[in-house]
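We did not get these values from a lab; they are worked out from the coordinates using the rules stated. None of the values given here were measured: they were computed from a predicted structure. When we count neighbours, we look across all protein chains shown, and the Cβ atoms used for this are built from the backbone with ideal geometry, even at glycine.
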Amino acid sequence: MPVRRIGMLFGFCVMSFGFFLNMGQYTAAQSELRITTIKQEPYTMSKGSQLEGFCMDLLSEVAKKLGFRYRVQLVKDGSYGRQDESGNWNGMVGEVMRGEADLAIAPLTLTAAREKVVGMSKPFMQTGISILLRKDISEVTGFFDFMTPFTAETWVGILVAYLGTSACIFIAARLSPCEWSQPQSEANRFSLLHSLWYTAGALTLQGAGPHPKALSGRVICCSWWLFTVVLLACYFSNLSSSKASESSQLTVKGFEDLANQDMIEYGCLAGSSTLAFFKNSNNPVYRRIYEHMERSKSFVSSMDEGVQRAKEGNYAFIGESVSLDLAVARHCELVRAHEVVGMRGYSIAAPLGAPIIKNLSVAILQLSEAGELAYLRSKWWASSCIADKAKSSSMQPHSLKGMFLILSLGLGLGALLAVLELTSKSRKSAAEQKKSCCIVLTEELSLRLRTSDANTPQETEAKDKEKV
């Protein structure tokens, strides 16, 4: 009896060992997962014989966390996956359902219909539906668009230059004896208000009132006129370049603006989840958009076709906001509308009921919390329009720094000449009156820099009669 029990126990151990050996071989065989994907920039792209992109980096990070090996294959029919009239699914969803692939990783939108036939992880990227169109269609014309050629800092610099030039003309006209020879008996022609008016007249290329006669005043005025000519040339050049591309006065900010106009055509990707959103929506605005697209048959067969039609103008492409952001980063003449509707996410698909779905969701949440998903987004959505943005932006103050420098030198030289002219006259007067040059110069400065102008000849004569 004991011998029999020992034999039974030995047989059970052998069978158990064989079972676990087979299970180990099965697990090892299944550790290399078959991954199906689809080519779409920047999610999956070809680089020689290899594949790269956001989804490939994401797959690599997930595989490290879950400890599996994988082999990537492109979907055979080039589709994401939708159900036909007979109930069959194509694309990546169909391959996962039929067991031809273990996972599908791509910008695969998480929908209720797909969730019924395959298991889907937590979304690794949030997106929505928005509008892609050319900048000249989406730009809003404001009341102060005429100020856009210059930045606010440039306008402040111009205002400071204007006030400083007016002040220098006013001071030079008072100090220079060639401009104001008899301060005791005649009024100064260049009052502060006249200096402001004269400088403002130069901004419109018009001469206003009497012109300076002294060399110091003419140097200041020449510097200001040169500054004004260059400033106006830059202003009109920048204004015309910013308005040259405007071919339409229509402004589209969102879907309601799009539905309430008939000047530009619009459409989306045929058979996409975006089309299903508008088709199944009860919102009257979205229903009008769907009915218009059905009536005009304005669908496109690919994302690239939609982007190209939007670049050509008179067409607004409706699609996933994340994909539209990529188009904006690659094509500088395009812009995405701010309104985003129908928020949804991109997920990884696996066979229905597969236990790996739970692990995939946990890995995606860990990558999100660690900032890895945000890093991958910034890596693959980097914009190539930095140079174009700088080129089309408003003119900065440093662009006119040369003219501001020339104006400053002219103002300084003019003020110095005015002081030298007054000093020369004071030296002659001091020699004639046999006084110190400093005393005569001080008296001249005190007389010329009074807050009110000198007395007119009539006022001087009246005061003389009072003294008599």
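So, in Å, what gap is there between the alpha-carbon centers of region 62-101 and region 321-386?
Value for the Cα centre distance between the two parts: 19 Å.
Could you tell me which of the pairs 116/253; 311/379; 65/253; 47/116; 65/116; 76/379 are separated by over 31 angstrom between their Cα atoms in the structure shown?
116/253; 65/253; 47/116
Within the set of other residues whose C-beta is less than 12 Å from the C-beta of residue 42, count the net charge using Lys and Arg as +1 and Asp and Glu as -1.
Residues near residue 42 contribute +1 overall.
Order of 124-130, 210-216, 427-433 by packing, highest average Cβ count within 10 Å first?
124-130, 210-216, 427-433
Given labels modelled 7 Å from the Cα in the Cβ direction, how far is it in nm from residue 420 to residue 383?
5.2 nm
Pop the C-beta distance of residue 406 and residue 163 into the FRET formula with R0 = 25 Å and round what comes out to the nearest 0.05.
With a Förster radius of 25 Å, E is 0.90.
For residue 192 and residue 86, calculate 0.36 nm times their separation in residues minus their Cα-Cα distance, and state this gained length in nm to one decimal.
29.3 nm
Between residue 77 and residue 239, what FRET efficiency comes out of the Förster formula 1/(1 + (r/R0)^6) with R0 = 56 Å and r the beta carbon distance, rounded to 0.05?
0.60
R0 = 25 Å: FRET efficiency of residue 338 with residue 288, Cβ-based, nearest 0.05?
Working from the Cβ atoms, E equals 0.75.
Using 0.36 nm per residue of separation minus the Cα-Cα distance, give me the extension gain between residue 281 and residue 115 in nm, one decimal.
Stretched fully, the residue 281-residue 115 segment lengthens by 57.8 nm.
Taking the simple approach of a point 7 Å from Cα along Cα-to-Cβ for both residue 295 and residue 429, what is their distance in nm?
8.7 nm
Relative to the present Cα-Cα distance, how much length would full extension add between residue 370 and residue 442 at 0.36 nm per residue of separation?
Extra length available between residue 370 and residue 442 comes to 18.4 nm.
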